[in-house]
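The values are calculated or read from the model by the stated rules, or taken from the named source; none is laboratory data. These numbers come from a predicted model, not from an experiment. With ideal geometry, Cβ positions are generated from the backbone for all residues, glycine too; neighbour counts draw on all protein chains shown. To get the accessible areas, we keep the full protein, side chains included, count just its heavy atoms, and leave off ligands, DNA and RNA. Shrake-Rupley method; radii C 1.70, N 1.55, O 1.52, S 1.80 Å.
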Amino acid sequence: MSENEERDWQQELKEKDPKLLKNCYACVGEGWETLMDNMLGRIQHYMKWRWENEYQENRVVIESGEVPPEDKESIQQPEFSQIKQKFGGLRAYYCGGDQYIRGVVDMAEGMSYKICEKCGDKGYATDFGWVKIMCEKHHEEEHLAAKRTASEYQKKIDDRNLKEHEQNEE
């Protein structure tokens, strides 16, 4: 990758965890990359250890829509359908899995409320019309950007009102 190319960490996650992210692209900030990588890595490790190793002959992983065999314990291959930020926190929607996987996802979702979505540092909830989890640095940047946008918008309104006023005086 050259210096000018941007790293596509979401695509890297998808390539690293193809079974879990077969039909899903993580639509969250880069600050949650490690959180996502850990969540997906734990699930992948669990699936290999508990379900897919050679010593588990009485267990089988089935795909969505497959009928589970009656003579074996089965689990549907977990597959994420959507991963996004909602109300400041991580939301990961998936099908398949079991209670352990639900716990891993719940833990990651809970942890996201303390991690800056932009850089991964310690974060807290901010509200600029929508809730985001940001560190002090990114909160200040967002606050300044919001103030700039508001003042630019106000200037446009003032300019339009002045122009209308001048036209009415003519």
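Worth pointing out:
- Selected residue (criterion: modelled with the lowest pLDDT) from residues of the stretch 1-23 that are loosely packed, with under 11 Cβ neighbours inside 10 Å and among the charged types (D, E, K, R): 3
- Residues (among the hydrophobic types (A, V, I, L, M, F, W, C), closer than 24 Å to residue 113 by Cβ and touching a strand residue (DSSP E or B) at 6+ places or on another chain (Cβ under 6 Å)) located in the stretch 43-85: 80, 83
- In the stretch 24-69, the residue that is least open to solvent (accessible area, probe 1.4 Å) out of those that are among the charged types (D, E, K, R), free of Cβ contacts under 8 Å to residues at least 40 places away in the same chain and farther than 22 Å from residue 103 by Cα is 66.
- When 53, 38 are screened for being under 21 Å from residue 122 (Cα atoms), over 11 Å from the mean Cα position of the chain (by Cα) and of a type outside the set (Phe, Trp, Tyr), only 38 passes.
- Any hit, the stretch 112-125, residues being open to solvent by 80 Å² or more (accessible area, probe 1.4 Å), touching a Phe, Trp or Tyr at 6+ places or on another chain (Cβ under 8 Å) and in a helix (DSSP H, G or I): yes
- Tally, over the stretch 82-102, of residues that are open to solvent by 10 Å² or more (accessible area, probe 1.4 Å) and farther than 30 Å from residue 139 by Cα: 8
- Inspection of the stretch 131-138 identifies at least one residue that is surrounded by 16 or more Cβ atoms within 10 Å (Cβ to Cβ), closer than 28 Å to residue 26 by Cα, in contact with a strand residue (DSSP E or B) (Cβ under 8 Å, 6 or more places away or on another chain) and basic (Lys, Arg).
- Some residue of the stretch 77-97 being in contact with a Cys (Cβ under 7 Å, 6 or more places away or on another chain), part of a strand (DSSP E or B) and over 30 Å from residue 135 (Cα atoms): yes
- Options 12, 54: the member that is of a type outside the set (Gly, Ala, Ser) and in a loop (DSSP other than H, G, I, E, B): 54
- Positions within the stretch 18-42 being over 21 Å from residue 132 (Cβ atoms) and touching a strand residue (DSSP E or B) at 6+ places or on another chain (Cβ under 9 Å), in sequence order: 19, 20, 21, 22, 23, 24, 40
- Number of the exception - residue 24 against (1) in a helix (DSSP H, G or I); (2) under 16 Å from residue 80 (Cα atoms); (3) in contact with a Phe, Trp or Tyr (Cβ under 8 Å, 6 or more places away or on another chain): (1)
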